[in-house]
Protein chains: 2
Amino acid sequence: MLQGRILVAQGGGPTAVINQSLAGIVLEARKHAAVDTVYGALHGVSGIVDENFLDLGRESAANLEQVAATPCSALGSTRDKPDAAYCAEIFKSLRAHQIQTFFYIGGNDSSDTLRILAEEAKAVGYPLRCVHIPKTIDNDLTVNDHTPGYPSAAKFVASAFAGINLDNRALQGVYVGVIMGRHAGFLTAAAALGRRFDDDGPHLVYLPERTFSTDAFIADVRRVHDRLGRCVVAVSEGIHDADGTLVAATLAKKLETDAHGNVQLSGSGALADLLTDTIKSNTPIKRVRGDTFGYLQRSFMGCVSRVDQAEARAAGENGVRFADSLARDGSVTLHRTGDGADYGIEFKLSPLDDVAGKTQVMADRFIADCATDVTPAFIDYLRPLVGADMPTAHRLEAPRVEKILDR
Amino acid sequence: MLQGRILVAQGGGPTAVINQSLAGIVLEARKHAAVDTVYGALHGVSGIVDENFLDLGRESAANLEQVAATPCSALGSTRDKPDAAYCAEIFKSLRAHQIQTFFYIGGNDSSDTLRILAEEAKAVGYPLRCVHIPKTIDNDLTVNDHTPGYPSAAKFVASAFAGINLDNRALQGVYVGVIMGRHAGFLTAAAALGRRFDDDGPHLVYLPERTFSTDAFIADVRRVHDRLGRCVVAVSEGIHDADGTLVAATLAKKLETDAHGNVQLSGSGALADLLTDTIKSNTPIKRVRGDTFGYLQRSFMGCVSRVDQAEARAAGENGVRFADSLARDGSVTLHRTGDGADYGIEFKLSPLDDVAGKTQVMADRFIADCATDVTPAFIDYLRPLVGADMPTAHRLEAPRVEKILDR
């Protein structure tokens with residue numbers, strides 16, 4: 001049974017709906033008579049060590065709803081990865097504040113942090129119930145059909161490419177957009193969702209699940225440009241050559257690495273610039289432009305999937321219910337119960353070990369045989385997640401006027 | 001009186017509402033009994049030369065409304081700048097198709113194209129009525145209070161920075177976002193609109209109206225970071241040193257220049273990377289990230305100002321009315337009739353020469369004395385343009401828990 005003082009924190013990269021999960025946990029926990037209050041740790045596990053707690057039991061429901069609708073971790077985040085000594089400091093804090101239940105909202109690394117913490121708790125005999133609430137725009141958590149945060153980021157990327165396609169159609173040339181996603185191409189693949197007409201871009205989609213070859217890239221772009229007079233390209237920041245070497249790594253003098261061993265790929269426009277320079281140098285195409293979508297993908301205010309909002313909220317609520325009804329640690333996981341119009345999700349509490357620190361990449365059935373596009377199955381998978389309010393692009397339908405001079 | 005076959009085209013960079021002006025022209029012109037039909041030239045003036053016309057008189061009003069709500073020039077665009085020979089080809093086409101009225105939707109360069117065309121028409125004795133309909137996300141047309149296209153792009157930039165501020169608050173460090181705007185800082189300045197709390201970013205705003213100094217930049221960022229533990233920076237792509245040399249120009253081996261003499265600054269992440277490298281090399285700050293907002297600013301689907309939509313529509317409609325009632329060439333200009341709750345706009349037909357090829361930059365009263373921020377007067381100027389539905393960021397208000405261990 002859920003009781004006493006419970007704790008919630010947020011880890012890793014923010015998403016557009018991570019505060020929905022926070023609100024879900026706090027509001028659901030308050031319904032449990034045996035729960036005294038909910039503490040929120042600032043900046044993830046680092047806030048536990050530093051005793052930086054907010055008493056979320058005293059947060060008004062009205063303001064919590066406003067925060068839930070605001071993107072990016074309201075409690076602040078961290079990329080700290082605790083070792084045994086760090087865990088010991090955490091337990092000191094938890095003991096002092098009489099906390100025995102911890103909800104950690106995060107992705108692969110945060111779930112791994114929770115796994116480490118749960119194991120250390122057992123090892124030192126601290127009675128801690130650990131529940132992981134999933135979030136990541138990368139959509140790369142195992143076990144899950146998809147993860148909260150991804151649908152909203154996917155909607156942003158799809159909306160961006162729907163607009164970019166129109167821009168590139170108006171002023172023709174080559175456009176390369178670089179999308180987040182270190183190992184999994186789900187977010188890059190979302191660029192294809194806004195296509196409506198046969199010649200709509202992105203015309204080429206490069207995913208980290210397939211090997212990237214510069215020669216093939218040049219040939220691909222030339223082929224599309226020869227056919228359409230233009231070419232829109234979506235590229236994952238995680239593209240790599242046959243040896244697994246990141247294309248981005250060939251550029252940076254010194255790549256930053258975080259505590260979880262992740263190479264920092266975002267926050268630089270170098271990869272887009274390399275790819276546009278490659279096209280400029282190896283083809284006669286004059287107008288070549290590149291953008292790196294960067295942090296807008298996960299933080300933009302005003303582009304959110306309502307389905308994502310509801311699921312992120314429910315993930316938090318279900319985490320609390322599982323903690324109350326099931327006497328075990330775990331990770332809340334999302335499982336699809338139907339497709340298309342029958343789309344639905346059910347929540348389970350999966351073993352932490354099944355999710356923690358693991359990475360799911362795109363299934364082969366989602367990637368076209370040509371390796372530079374997604375399949376209709378992927379579009380069917382993604383469409384219900386972004387909600388029904390995706391904007392649609394329209395074209396003029398007026399007939400051509402017959403030429404008189406016809407020079 | 002407006003009569004016969006009239007022509008419309010779109011020039012320069014697309015905007016989110018440029019098709020509203022197109023729809024305004026077509027639907028208003030159709031109300032005039034003496035107007036036979038409206039032709040649309042594909043890809044601006046180049047489509048006139050090539051006789052690439054659509055018969056927009058046969059476009060359904062329903063589809064035209066859908067197109068109006070779609071960003072980016074539906075007719076396609078061009079950056080061609082005509083000379084006398086080019087104009088002669090245009091007149092051949094216009095004569096063959098019996099067109100004597102031309103509406104050109106565009107910015108500084110397109111209005112200059114129209115001025116050239118109008119002068120050539122007089123010189124060669126071709127009876128052409130030329131009306132310029134304003135659009136530009138840069139907001140740098142003279143005479144106008146502001147230009148259609150700017151409010152929607154400003155809303156995008158403001159929404160992006162409101163989110164980026166939250167992201168930077170969650171995972172602290174320095175963030176540099178580079179915004180479009182070659183000479184005028186209006187769009188960069190819009191980054192400040194989403195600020196709500198005292199410590200909200202952007203904390204520094206670098207405009208092309210002020211001289212950029214790398215030493216001052218480093219000192220500014222250090223000062224903010226020392227105070228807040230983080231720093232969000234908005235930078236115009238057009239920042240330059242005391243000699244007027246573009247900071248971006250110090251980077252590129254070979255800058256592209258278009259027919260109008262504009263240096264290509266967008267489509268590369270080099271400036272953001274230079275600025276983040278500068279901070280990394282000259283301060284002890286570890287987490288430094290940079291994004292270049294690029295083409296998303298003008299094409300993103302799903303972020304539009306309703307005020308902008310209505311004004312862009314009205315600009316097209318008024319252009320047709322002026323062409324009907326006033327027997328002269330000109331540029332439709334927007335004039336503010338009231339501020340705040342009394343906000344309103346009236347349209348005038350100004351001489352083409354007053355607008356064509358000229359550039360308006362931000363008034364001194366819009367730029368703070370420190371040179372790295374905007375004034376409240378600028379916020380008052382911008383707020384009514386973006387509409388009432390700007391998303392608002394909310395923070396947790398729960399009280400801090402008293403520390404027990406207080407290590």
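With respect to the numbered conditions (1) closer than 30 Å to residue B:203 by Cβ; (2) away from every other protein chain (no Cβ under 14 Å), which one is the sole condition not fulfilled by residue B:401?
All conditions are met except number (2).
Every residue in region B:28-70 that is more than 23 Å from the chain's Cα centre (by Cα), within 18 Å of residue B:9 (Cβ to Cβ) and of a type in the set (Ser, Thr, Tyr), please.
Of everything in region B:28-70, those that are more than 23 Å from the chain's Cα centre (by Cα), within 18 Å of residue B:9 (Cβ to Cβ) and of a type in the set (Ser, Thr, Tyr) turn out to be B:37, B:39.
Taking residue B:396, is it in a strand (DSSP E or B) and farther than 18 Å from residue B:190 by Cβ? Quick ask: steps written out before the conclusion?
Working: in a strand (DSSP E or B): no; farther than 18 Å from residue B:190 by Cβ: yes.
When the stated conditions are applied, residue B:396 does not pass them.
Outside any helix (DSSP H, G or I) and at negative phi, is that true of residue B:294?
On the way: outside any helix (DSSP H, G or I): yes; at negative phi: no.
It is false that residue B:294 is outside any helix (DSSP H, G or I) and at negative phi.
Which members of region A:297-308 meet the condition of being of a type in the set (Ser, Thr, Tyr) and not in a loop (DSSP other than H, G, I, E, B)?
Just the residues of region A:297-308 that are of a type in the set (Ser, Thr, Tyr), to begin with: A:299, A:305.
A:299, the sole residue that qualifies.
Looking at (1) in a helix (DSSP H, G or I); (2) within 14 Å of chain A (Cβ to nearest Cβ); (3) among the acidic types (Asp, Glu), find the lone condition where residue B:380 falls short.
For residue B:380, the exception is condition (2).
I'd like to check something: does region A:214-228 contain any residue that is part of a loop (DSSP other than H, G, I, E, B) and crowded, with 17+ Cβ neighbours inside 10 Å?
Applying the first criterion (part of a loop (DSSP other than H, G, I, E, B)) to region A:214-228 yields none.
No, that holds for no residue.
Within region B:365-384, can one find any residue that is surrounded by fewer than 15 Cβ atoms within 10 Å (Cβ to Cβ), among the acidic types (Asp, Glu), touching a residue at least 60 places away in the same chain (Cβ under 8 Å) and farther than 30 Å from residue A:41 by Cα?
Within region B:365-384 (the criterion being surrounded by fewer than 15 Cβ atoms within 10 Å (Cβ to Cβ), among the acidic types (Asp, Glu), touching a residue at least 60 places away in the same chain (Cβ under 8 Å) and farther than 30 Å from residue A:41 by Cα), the answer is no, since none of the residues qualifies.
Can you name the residue in region A:1-44 that is surrounded by 24 or more Cβ atoms within 10 Å (Cβ to Cβ) and away from chain B (no Cβ under 12 Å) and is also farthest from residue A:75 (Cα to Cα) among such residues?
Only one residue fits best here, namely A:29.
Considering each residue of region A:45-65, count those that are of a type in the set (A, V, I, L, M, F, W, C) and facing chain B (nearest Cβ under 9 Å), and give that number. Working first, answer last.
Residues of region A:45-65 that are of a type in the set (A, V, I, L, M, F, W, C), as a first pass: A:45, A:48-49, A:53-54, A:56, A:61-62, A:64.
Subset that is facing chain B (nearest Cβ under 9 Å): A:49, A:53-54, A:56, A:64.
Here the count works out to 5.
Listed here are the residues, each with its yes/no results for (1) in contact (Cβ under 8 Å) with a residue 12 or more places away in the chain; (2) touching a Cys at 6+ places or on another chain (Cβ under 8 Å); (3) surrounded by fewer than 23 Cβ atoms within 10 Å (Cβ to Cβ); (4) under 17 Å from residue B:316 (Cα atoms).
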residue: B:81; (1), (2), (3), (4): yes, no, yes, no
residue: B:100; (1), (2), (3), (4): yes, no, yes, no
residue: B:107; (1), (2), (3), (4): yes, no, no, yes
residue: B:113; (1), (2), (3), (4): yes, no, no, no
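Select from region A:309-362 the residues that are among the basic types (Lys, Arg) and either in contact with a Leu (Cβ under 8 Å, 6 or more places away or on another chain) or assigned to a helix (DSSP H, G or I) (or both) and list them in ascending order. If you could, list the steps in order and put the result at the bottom.
Initial filter on region A:309-362 (among the basic types (Lys, Arg)): A:313, A:321, A:328, A:336, A:348, A:358.
Within region A:309-362, A:313, A:321, A:328, A:358 qualify.
Out of all the residues in region A:180-198, which are farther than 16 Å from residue A:305 by Cβ, of a type in the set (Gly, Ala, Ser) and assigned to a helix (DSSP H, G or I)? Can you show your working first?
Pass one, region A:180-198, residues farther than 16 Å from residue A:305 by Cβ: A:180-185, A:188, A:192, A:195-198.
Filter once more, keeping what is of a type in the set (Gly, Ala, Ser): A:181, A:184-185, A:192.
Residue satisfying the conditions is A:192 alone.
If you go through region A:160-179 one residue at a time, do you hit one that is of a type in the set (Phe, Trp, Tyr), in a helix (DSSP H, G or I), touching a residue at least 24 places away in the same chain (Cβ under 8 Å) and away from every other protein chain (no Cβ under 12 Å)?
No, there is no match, as no residue in region A:160-179 is of a type in the set (Phe, Trp, Tyr), in a helix (DSSP H, G or I), touching a residue at least 24 places away in the same chain (Cβ under 8 Å) and away from every other protein chain (no Cβ under 12 Å).
More than 30 Å from residue B:91 (Cα to Cα), basic (Lys, Arg) and more than 19 Å from the chain's Cα centre (by Cα): is that true of residue A:403 in this structure? It would help to see each step written out before you state the result.
Values: more than 30 Å from residue B:91 (Cα to Cα): no; basic (Lys, Arg): yes; more than 19 Å from the chain's Cα centre (by Cα): yes.
Considered against the rule, which asks whether it is more than 30 Å from residue B:91 (Cα to Cα), basic (Lys, Arg) and more than 19 Å from the chain's Cα centre (by Cα), residue A:403 comes out as no.
Please report, ordered by residue number, the strands (runs of 3 or more DSSP E) entirely within region A:33-138 with at least 1 residues that are over 30 Å from residue A:186 (Cα atoms) and hydroxyl-bearing (Ser, Thr, Tyr). Walk me through it before giving the result.
Numbers: elements: A:35-41, A:53-55, A:99-106, A:129-134.
Counting at least 1 such residues, we get A:35-41, A:99-106.
Taking residue B:120 as meeting all but one of (1) within 14 Å of chain A (Cβ to nearest Cβ); (2) surrounded by fewer than 21 Cβ atoms within 10 Å (Cβ to Cβ); (3) acidic (Asp, Glu), write down the number of the exception.
(1)
Name, by its number, the condition in (1) surrounded by fewer than 22 Cβ atoms within 10 Å (Cβ to Cβ); (2) modelled with pLDDT under 95; (3) hydrophobic (A, V, I, L, M, F, W, C) that does not hold for residue A:248.
Every listed condition holds for residue A:248 apart from (1).
Quick check: is even one residue across region B:324-335 outside the structural domain of residue B:129 (by TED's automatic domain parsing), out of contact with any helix residue (DSSP H, G or I) (no Cβ under 6 Å at 6 or more places or on another chain) and among the aliphatic types (A, V, I, L, M)? Can you show your working first?
Initially, region B:324-335 is screened for residues outside the structural domain of residue B:129 (by TED's automatic domain parsing), giving none.
Looking for residues that are outside the structural domain of residue B:129 (by TED's automatic domain parsing), out of contact with any helix residue (DSSP H, G or I) (no Cβ under 6 Å at 6 or more places or on another chain) and among the aliphatic types (A, V, I, L, M), one finds none in region B:324-335, hence no.
Name the single residue, out of those in region A:131-159 being at the interface with another protein chain (Cβ under 9 Å from one of its Cβ atoms) and not hydrophobic (A, V, I, L, M, F, W, C), that is surrounded by the fewest Cβ atoms within 10 Å (Cβ to Cβ). Write out each step before concluding.
Applying the first criterion (at the interface with another protein chain (Cβ under 9 Å from one of its Cβ atoms)) to region A:131-159 yields A:155-156, A:158-159.
Keeping just the survivors that are not hydrophobic (A, V, I, L, M, F, W, C) gives A:155, A:159.
Values: A:155: 29, A:159: 24.
The residue in question is A:159.
So in region B:83-98, with the set limited to residues that are within 11 Å of chain A (Cβ to nearest Cβ) and touching an Asp or Glu at 6+ places or on another chain (Cβ under 8 Å), which one is surrounded by the most Cβ atoms within 10 Å (Cβ to Cβ)?
The selected residue is B:93.
In region B:66-82, what count of residues is obtained for those that are more than 7 Å from chain A (Cβ to nearest Cβ) and of a type in the set (Gly, Ala, Ser)?
Of the residues in that region, 2 qualify.
Just wondering, is there one or more residues in region B:314-321 that are surrounded by 22 or more Cβ atoms within 10 Å (Cβ to Cβ), under 28 Å from residue B:160 (Cα atoms) and out of contact with any Phe, Trp or Tyr (no Cβ under 6 Å at 6 or more places or on another chain)?
Within region B:314-321, one or more residues are surrounded by 22 or more Cβ atoms within 10 Å (Cβ to Cβ), under 28 Å from residue B:160 (Cα atoms) and out of contact with any Phe, Trp or Tyr (no Cβ under 6 Å at 6 or more places or on another chain).
Could you check, for region A:17-24, whether at least one of its residues is of a type outside the set (S, T, N, Q) and in contact with a Pro (Cβ under 6 Å, 6 or more places away or on another chain)? Walk me through how you get there before you give the answer.
Here is the first cut: in region A:17-24, the residues of a type outside the set (S, T, N, Q) are A:17-18, A:22-24.
If we keep only those that are in contact with a Pro (Cβ under 6 Å, 6 or more places away or on another chain) too, we end up with A:17.
Yes.
The values are calculated or read from the model by the stated rules, or taken from the named source; none is laboratory data. From a predicted model like this one, the values you see are computed outputs, not experimental measurements. Using ideal geometry, Cβ is built from the backbone for each residue, glycine included, and neighbour counts are taken over all protein chains shown.
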